[in-house]
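See structure below.
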Amino acid sequence: MAETAPVLVNHRPFEPNPILSLHSTDSSIIKPHDSIAVVDDVEIPTVDYFMLFSDDLDERSKALEYIGHVCKDFGFFYLVNHGISDSVFEGVFKGISDFFNPTEIESRKQYEKKNPTDRIRWGLRSSPGENREYLKIIAHPQYHCPTKPAGFSESMEEYFKGLREVVQGLGKAVSKALGFEECYIEKAFKLGTGFDVSAMNLYPPNFRSKGSIGVPDHTDPGFLVSLIQDVNGGLQVFSNDGNCLNVNMPTNAIFINLGDHLEILTNGKYKSHVHRVVVDNNKVKRISVATLHGPSLDAFVSPAPEFVDDSHPPAYRGLTYKQSLQAHGSDEIDVQSSIEQIRL
């Protein structure tokens, strides 16, 4: 935690357009994004993690009210003062950079897809629709990671340990912002045994890209997605009113994007948002770590009774998290969104 109480960052009011919703992965909605210009005058909000747990009750109350507003009207934010040290971030980016050494590609092929139960998976993509090199690992409830290069697994494990504490804290804060006891999200998702998958990405990949897209438009399953990156440039997110925003993060901040299953649990009150990565403007290589923090695989997630009434009937089918990951026909480690298959 920070040693001194930081200042809560406020932003100008945001008025979403209720007519246009771009949280869907439906191709008829996503396709027009290619022609949408990036908007630079809409600021992505910043949430101060430390303030969510301030000993000053008034400060804490304002911070919880603010994160509730951000979750409802934005669905994504920068998280600062989260307590993960700069040295941990440095170790993560050094370890990933060493792992993606361009002279060691052959040794990484041992982690190519073998079967649906893979807990470590590596891949290279170079096509008009996707351009990246990636390493995916199961980070929780059991931690899996390549043992080489030296120090890589240890650096990642230290980061994930701190990140788990942050995500559990956000679960408490979001629960309180929704008006419930702080263990509401944790109980609904069984976060203690939550299924977390992390993707370490290199953009562009270690060879010439064949298109301008690093990762195409998508939403992600789970409670939320956390992302860190070594340099800005490439990540874009679409707001409630259809604006395309560049994600230019403060140093060592964490970008938080709400996941599909928080949308399902709240029956659409909080929404996951479409995002993508473009590589056509990358002047230098960019490393990112995107971690999907999911419910337990056996957690049954459906619209909670607190968010359902005559005016708001259930908008999604209930499934276990494992079933929802399989609904798209993908492996667990691929954790692709299936919200369109679940939507009623």
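Structural remarks
- Criterion: touching a helix residue (DSSP H, G or I) at 6+ places or on another chain (Cβ under 9 Å), surrounded by fewer than 21 Cβ atoms within 10 Å (Cβ to Cβ) and either farther than 20 Å from Val70 by Cβ or hydrophobic (A, V, I, L, M, F, W, C) (or both) - qualifying residue of Gly318, Gly268, Gly242, Gly329: Gly318
- Entirely in the stretch 186-234, the strands (runs of 3 or more DSSP E) that have 2 or more residues that are within 14 Å of Pro128 (Cα to Cα) and open to solvent by 10 Å² or more (accessible area, probe 1.4 Å): 213-218
- Residue in the stretch 70-80 that is among the charged types (D, E, K, R) and more than 30 Å from Gly242 (Cα to Cα) present: no
- Residue pairs whose Cβ atoms lie under 6 Å apart, sitting 6 or more positions apart in sequence or on different chains, and linking a residue in the stretch 227-251 that is in contact (Cβ under 8 Å) with a residue 60 or more places away in the chain and at positive phi to a partner that is among the aliphatic types (A, V, I, L, M) and open to solvent by less than 30 Å² (accessible area, probe 1.4 Å), are Gly242/Leu22.
- Selection of the stretch 86-140 for residues being touching a Phe, Trp or Tyr at 6+ places or on another chain (Cβ under 8 Å) and hydroxyl-bearing (Ser, Thr, Tyr) yields Tyr111, Ser126, Tyr134.
- Selection within the stretch 313-344 - under 16 Å from the mean Cα position of the chain (by Cα) and of a type in the set (Ser, Thr, Tyr): Ser337, Ser338
- Residue match in the stretch 110-132 (condition: among the acidic types (Asp, Glu), in contact with a Gly (Cβ under 8 Å, 6 or more places away or on another chain) and closer than 27 Å to Asp331 by Cβ): yes
- Flag if Ala299 is modelled with pLDDT of 95 or more and surrounded by fewer than 20 Cβ atoms within 10 Å (Cβ to Cβ): no
- Residues in the stretch 304-320 that are within 14 Å of Leu262 (Cα to Cα), in a loop (DSSP other than H, G, I, E, B) and either among the hydrophobic types (A, V, I, L, M, F, W, C) or touching a Cys at 6+ places or on another chain (Cβ under 8 Å) (or both): Ala304, Ala315.
The values are calculated or read from the model by the stated rules, or taken from the named source; none is laboratory data. From a predicted model like this one, the values you see are computed outputs, not experimental measurements. When we count neighbours, we look across all protein chains shown, and the Cβ atoms used for this are built from the backbone with ideal geometry, even at glycine. For accessibility, only protein heavy atoms count, side chains too; no ligands or nucleic acids. Shrake-Rupley method; radii C 1.70, N 1.55, O 1.52, S 1.80 Å.
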